[in-house]
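To keep things clear, I will list the structure first and then write my remarks on it.
No value in this document is a laboratory result; all are computed from the given coordinates. None of these values were measured; they are calculated from a predicted model. Ideal geometry is used to build each Cβ from the backbone, glycine not excepted, and the neighbour counts take in all protein chains shown.
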2 protein chains.
Amino acid sequence: MVPHLITALTGPINELEQRILDATPVIERWFRLEWMEHTPPLYCSVDIRNAGFKLAPVDTNLYPDGWHNLSAETLPLAVQAAQAAIEKICPEARGLMIVPENGKPSSFYLASLARLQLIFRQAGLNVRLGSIDPAVKKTASVKLPDGEKLTLEPALRMRYRLGLKDFDPCTILLNTDLSAGPPGILEDLHEQYLLPPLQAGWSVRRKSRHFRCYEEVSKRFGKLIGIDPWLINPMFASCGEINIHEPAGLECLRTEVDALLLKIRRKYKEYGINEKPFVVVKADNSSRGMGIMTVRDAKDLDQLTQPRKEKGKTALQPPNGAVLIQEGVLTNERIHDAVAEPVVYMIDRYVVGGFYRVHAERDVDESLNAPGARFVPLAFAGGNQLPRPGVKPGASAPNRFYMYGVIGRLAMVAASYELEATDPDNEMS
Amino acid sequence: MVPHLITALTGPINELEQRILDATPVIERWFRLEWMEHTPPLYCSVDIRNAGFKLAPVDTNLYPDGWHNLSAETLPLAVQAAQAAIEKICPEARGLMIVPENGKPSSFYLASLARLQLIFRQAGLNVRLGSIDPAVKKTASVKLPDGEKLTLEPALRMRYRLGLKDFDPCTILLNTDLSAGPPGILEDLHEQYLLPPLQAGWSVRRKSRHFRCYEEVSKRFGKLIGIDPWLINPMFASCGEINIHEPAGLECLRTEVDALLLKIRRKYKEYGINEKPFVVVKADNSSRGMGIMTVRDAKDLDQLTQPRKEKGKTALQPPNGAVLIQEGVLTNERIHDAVAEPVVYMIDRYVVGGFYRVHAERDVDESLNAPGARFVPLAFAGGNQLPRPGVKPGASAPNRFYMYGVIGRLAMVAASYELEATDPDNEMS
């Protein structure tokens, strides 16, 4: 199931939450059966927004960083899940190579890499970091703030294998999103496991495909537990490759934004929700928080063609190229008055931890994935707070984090569909 | 691998420990390969004694109780391991029935059952307790000290299935050691998973068989990491069905005790160990702590034929029937001056926690599994104490508990061999 982490939200359990908690055995069985048919990505993280009336994933990262933001207490869970993953992928493995992002790493990214390396080391593997950055020509060590040392080595390409000097790993774990497309050094590695597969990189991946898969998953899941799938599914539209500064591009965007706002307005009316609908416009193929804009009215888009008048906090920064127009989901969670959204981490089929992304200068309808965000690990619930399924309501603390674990895993199921659909070896695709 | 729990032992890491820690990737790979060939028991607990120079399992329980003695923090690990087990055994499962011991349960046993039920409930199953005690004729609820309620229902036998009223579980989890032999109600359940299998019950199981399997495992493992298997293997001998009060029975016991003491003495000499060898005599087919006696000299056995002179703390209580004569392993661990031994818990192939069995009135060469024992959960190591494999010795706290997790799992591998050897459906047996 899902570990019991303490959420910031402590109010009464609402109808949607109760429905999910009550259906636990049905939900867990459903996931078990899904994973008999589909292969989960080796790891992923999912950004979740809980509006109270609605709970939905807004972004699924298949090359998660931020591992150091998980509570240290949750490490054994990550290790156990990593063990389970390795048992399935490559039980005879001795070594695993992690391929980090190219470029000069930030101290945050180094801390994340160190934690990721620790997880797989504790799972019993020799783990080394192999860079595919052409600028990395020799082995370099970096000292981390906690005194730990990280060693980055240049990856060596043999005919069909990738490795390091005196190191021939069974599995290569990519921790770079390959926005620029898979480099030659990673192609045709038919003798090793390359995970996630190359089609998970942003040169192939599209958010719109992910959310189309998620929509399918949410429909089946909605039927399973008897809820309107909209309660867990952010609606979306997309424009293909557009130039937002040209009339045709802007027109497509305006039309889609208008139509989506109307659909949301109808849904809000159906459920008697007194909130202002909004949509979020973001690049269809990037994991970065750059260029994400909140749009509350199609007229807002006019600003795009006008010189910026004032340095407002909602200044629009449109993404270039194909865009995803996603139903905006408010977040109800706050930590010390700052708006917060949970991020759930998974390894193999298991939820292994999470943290809050918190942004003091952002509003409940804005993306928090922006400079200035802080991260608060979700702690484990202590002994007194153990949820006890089956006891009468109110007799034990509910595992609120459970719902987040369910939504995170639904997004992971969607990602597995997505990777199957784009698998070049899959004849069905 | 193994979660990092804090051990009582804090001295320097000795040679044997260092060897095990250094070989971690090799060891973990070996376990992964073992589990490709053999099926681990669904759960088990292993009593371990750490003499410093030697580290060995002394008892392997295939129907573990004492689950409530595990630290609450470790619950998510147990839940995740239970999930992994269910995924393999019966992914389509909705329900699991736990069959507890017959007879009036102690408050300790009820607390253990409650924890076990919680583990499998959190793993996403409907879990109910089905008693096979003929005295249990109707559903009864017991209130636990913490306010929780446990409901015990009489198991119902259908033609090929066992269940409860309106409850048809996929898996039946036995938590009773079936000392009196498997009752008819459990036989020929060919449509459900009955775990552990019936041959794990004490009417079939023999400690001598378990330790013969363990000896085989320890030889292979010793070769793997380059150590004398004796360092992890308690030597043993056995007498068949004997009556200890008859000359022939006593004679067998005396001969075997003498021979084993001699073997231990030789080993102690080989390693320059200045301790007094001892053996432990116990029933070959019982999990109870009753009738376990420490023998330091074959002459001690003379007392058995004489009326007891004084109420000494080492009064001999010989077991009846077949006996196991096991090399005694000192324990080096102490909690507040009281002698302690670690007990390691596993679900499926994963170490999920442990505790210390502590006995203030027992000596380092006596069994601690006796009335008066207390239990101290092993806590998780905090963030600062995260072991970091790969860093230079001394730079991070070693995961001492790791060695216990290795020995526990070696005993679990032995148990899997043992259950294969006694499987009535196994043509090889």
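Centre-to-centre separation between the Cα atoms of the range A:97-172 and those of the range B:68-107: 38 Å. Our summary gives chain A a relative contact order of 25 percent, counting only alpha carbon pairs under 8 angstrom and 6 or more residues apart.
Within the shell of other residues whose beta carbon sits under 11 angstrom from the beta carbon of B:Leu194, the net charge comes to -2, with Lys and Arg scored +1 and Asp and Glu -1. Using the Cβ-Cβ distance between A:Asp337 and B:Arg334 with R0 = 41 Å, the FRET efficiency computed as 1/(1 + (r/R0)^6) comes to roughly 0.25.
How much of the DSSP beta bridge set in the protein assembly as shown is antiparallel, as a percent to the nearest 5? Around 75 percent of the beta bridges assigned by DSSP in the protein assembly as shown are antiparallel ones.
Taking square-rooted eigenvalues a ≥ b ≥ c of the alpha carbon gyration tensor, is the protein assembly as shown rounded, prolate or oblate, where a/c under 1.5 means rounded and, failing that, a/b exceeding b/c means prolate? Prolate, because a/c is 1.5 or more and a/b exceeds b/c.
With each label modelled as a point 7 angstrom along the Cα→C-beta vector, the B:Thr151-B:Thr39 pair spans 3.1 nm.
Within the shell defined by Cβ-Cβ distances under 12 Å, the residues around A:Ala140 carry a net charge of +3, with Lys and Arg each +1 and Asp and Glu each -1.
Taking every DSSP beta bridge that has both ends in the range A:72-204, the antiparallel portion is near 35%. Taking every full run of DSSP H in chain A, the ones that stretch at least 24 Å from end to end by Cα along their long axis and average -0.5 or higher on the Kyte-Doolittle scale are A:247-270, A:400-421. By the beta-carbon count within 10 Å of each Cβ, the least crowded to most crowded order of A:Asp297, A:Asp146, fewest first, is A:Asp146, A:Asp297.
The trypsin sites (Lys or Arg not before Pro) found in the range B:107-145 that occupy coil by DSSP, while having at most 16 further C-beta atoms within 10 Å, are B:Lys137, B:Lys138. Each residue of the range A:338-354 is assigned a 3J(HN,Hα), and the resulting list reads 8, 5, 9, 9, x, 10, 9, 10, 10, 10, 6, 8, 10, 7, 10, x, x Hz, derived from the Karplus form 6.51 cos²θ - 1.76 cosθ + 1.60 (θ = phi - 60°), x at Gly and Pro. When only the Cβ of Lys, Arg, Asp and Glu is charged (+1, +1, -1, -1), the dipole of chain B relative to its Cα centre reaches about 680 debye. Take B:Asp166, push a point 7 Å out from Cα through the beta-carbon direction, and compare it with the same point in every other copy: 6.7 nm, smallest first. For the range B:90-204, taking Cα atoms only, Rg and Dmax work out to 13.5, 39 Å respectively. Restricting the range A:49-132 to GluC sites (Glu not before Pro) that sit in a DSSP loop and have at most 14 other Cβ atoms within 10 Å of their own Cβ leaves A:Glu92. Judged by the ratio a/c of the largest to the smallest principal axis of the C-alpha gyration tensor, chain B counts as oblate, that ratio being 1.5 or greater while a/b is no larger than b/c. Starting from the Cα gyration tensor of the range B:109-163, take the square roots of the eigenvalues, sort them a ≥ b ≥ c, and report rounded, prolate or oblate (rounded when a/c is under 1.5, otherwise prolate if a/b is larger than b/c, else oblate). Cα axes put the range B:109-163 in the oblate bin. For GluC sites (Glu not before Pro), the sites in the range B:228-305 that DSSP calls loop and that have at most 10 other Cβ atoms within 10 Å are B:Glu241. Each helix, a run of at least 4 DSSP H residues, gives -39500 (n - 2.57); summed and divided by the residues of chain A, these come to -9000 deg cm²/dmol at 222 nm.
Compute the whole-percent fraction of alpha carbon pairs in the range A:4-64 spaced more than 13 Å apart. Every Cα pair in the range A:4-64 considered, those over 13 Å come to 75 percent. Looking at chain A, the DSSP beta bridges with both ends there are about 75 percent antiparallel. Among the listed pairs B:Lys54/B:Lys269; B:Lys54/B:Lys207; A:Lys267/A:Lys299; A:Lys219/B:Lys165, a Cα-Cα separation exceeding 25 Å is found for A:Lys219/B:Lys165. Gyration tensor over the Cα atoms of the range B:22-156: the corresponding equivalent ellipsoid has semi-axes (square roots of 5 times the eigenvalues, largest first) of 31, 19, 14 Å. In plain terms, the chain from B:Glu216 to B:Ser106 could stretch by 35.9 nm, reckoned as 0.36 nm per residue minus the Cα-Cα distance.
For a 4.7 Å threshold on C-beta separation, the list of partnerless cysteines in chain A reads A:Cys44, A:Cys213. Here B:Asp337 yields copy-to-copy label distances, from shortest upward, of 5.5 nm, the label point defined as 7 Å from Cα along Cα to C-beta. Scanning chain B for chymotrypsin sites (Phe, Trp or Tyr not before Pro) in DSSP loops with at most 15 neighbouring Cβ atoms within 10 Å leaves B:1-159 as the longest stretch between them. Computing FRET efficiency as 1/(1 + (r/R0)^6) for A:Leu189 and B:Glu92, where r is the C-beta to C-beta distance and R0 is 22 Å, gives about 0.05.
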